[in-house]
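What follows draws every value from the coordinates through simple rules; no lab data is involved. Being a predicted model, the structure only gives us computed values, none of them experimental. All Cβ positions, even for glycine, are placed from backbone atoms using ideal geometry, and neighbour counts span all protein chains on display.
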Amino acid sequence: AYQVHSGSSMGHVSAGGRIPLGLKKKGLRIVVTGGAGFVGSHLVDRLIQRGDSVIVIDNFFTGRKENLIHHYGNPRFELIRHDVVEPILLEVDQIYHLACPASPVHYKFNPTSVLGTMNMLGLAKRVGARFLLTSTSEVYGDPLQHPQVETYWGNVNPIGVRSCYDEGKRTAETLTMDYHRGLGVEVRIARIFNTYGPRMCIDDGRVVSNFVAQALRKEPLTVYGDGLQTRSFQYVSDLVEGLMRLMDGEHIGPFNLGNPGEFTMLELAQVVQETIDTNARIEYRPNTEDDPHKRKPDISKAKELLGWEPAVSLREGLPLMVSNFRQRLFGDDPTRNK
Ligand code: NAD
Ligand code: UDP
């Protein structure tokens, strides 16, 4: 159910009834928290393109204004510098809640998940908006079931260095379901698996951005541990499509959104070598604590109920990210790093 848009201003709330999504005449009013970040900025592009009005809430902890600069001046776009651990009041139809430090390097210093999610659920309840939580495959911890199905409850160390993220997102899922069951808020939950693409933070420590930046800078690729741990890498446009289908569909979830193609870190390094520099060296480093040994989504549920599956393979998606990183690292100078 959505608010009728009888006015043109972003702050307008109609006194009228609600109409199904398919009947709406104007775009929706949508908040994207964390919209200046990697995934959020790609989502904003799609929503603006579709004709919606978008308010981004971001504190720029890892996000960048550059990711959104092409929307400046568009009357359907607003950017608010705000920390979601503080409440905010806005009149909107949908809330995509992405704000949260997502890289292990960052989240170890900043547990945002719980307070931010509570505030955004409070907003959703107050204005009758539909709320989508971007949860994570990390809720499965170091999984004892492979591939991971949504019904698996996970294997998480509650007192480890990763737990503020894992347990934070698990608590965020709990809060989301409690607001739904207890207070009738319309909710959606996505469990996102490792995602890569243009606009990723260059130095945020995640493996794909590390390897790509290292290969471009002619530095060795740092493989942690024995490099035999696995991850499944999803291109960002596939994720954004999945998030929008989930938000606009009829199913609460949780839904795994990820690419089932599974790679060891050594295999990933090899794809990066083939894409950027076949001479790139590999350097082994000690692995981080509690690192999950393997991860791969079972996406049967999303296929069946959302009609969604990834379309871009790692070998297709990686070159798109590489040209974006090359541009950001070296500008237009064609003589650099060729
Ligand atoms: P990102 O770091 O690029 O984006 C997060 C954004 O949230 C940034 O713009 C940051 O400035 C903002 N932010 C952080 N704390 C905030 C706060 N307190 N108030 C307001 N804004 C805040 O990361 P991303 O990869 O785009 O991740 C987006 C969401 O998807 C996150 O919730 C993350 O947990 C989830 N997710 C991502 C992946 C992935 O592989 N990219 C995997 C699983 C889940
Ligand atoms: N990793 C690596 N080299 C790096 C960064 C990470 O080998 O430079 C490994 C890391 O140990 C983990 C995997 O890559 O096994 C994915 O790490 P990332 O931080 O990207 O994501 P997450 O652990 O959250 O899945």
In the range 172-201, which residues are among the hydrophobic types (A, V, I, L, M, F, W, C) and within 30 Å of V272 (Cβ to Cβ)?
A190, I192, F193, M200, C201
Working only within the range 182-198, note down all residues that are closer than 19 Å to I95 by Cα, among the hydrophobic types (A, V, I, L, M, F, W, C) and assigned to a loop (DSSP other than H, G, I, E, B).
V185
Got a sec? Which strands (runs of 3 or more DSSP E) wholly within the range 203-312 have at least 3 residues that are out of contact with any Cys (no Cβ under 7 Å at 6 or more places or on another chain) and not hydroxyl-bearing (S, T, Y)?
255-257, 282-285
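For every residue, the table says whether it meets (1) away from ligand 2 (no atom under 12 Å from the Cβ); (2) within 18 Å of the chain's Cα centre (by Cα).
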{"position": "Q145", "(1), (2)": "yes, no"}
{"position": "V149", "(1), (2)": "yes, no"}
{"position": "E167", "(1), (2)": "yes, yes"}
{"position": "E173", "(1), (2)": "yes, yes"}
{"position": "V187", "(1), (2)": "yes, yes"}
{"position": "M200", "(1), (2)": "no, yes"}
{"position": "D238", "(1), (2)": "yes, yes"}
{"position": "D248", "(1), (2)": "yes, yes"}
Collect the residues in the range 129-181 that are basic (K, R) and part of a loop (DSSP other than H, G, I, E, B), keeping them in residue-number order.
R162
Give N194, N256 a once-over and let me know the one that is within 14 Å of ligand 1 (Cβ to nearest atom), in contact with a Gly (Cβ under 8 Å, 6 or more places away or on another chain) and touching a residue at least 60 places away in the same chain (Cβ under 8 Å).
N194
Contact list, first residue from the range 217-237 and of a type in the set (S, T, N, Q), second anywhere and away from ligand 1 (no atom under 16 Å from the Cβ) and part of a strand (DSSP E or B), beta-carbon distance below 7 Å, six or more apart or interchain, is T222/E283; T222/R285; Q229/T264; T230/T264
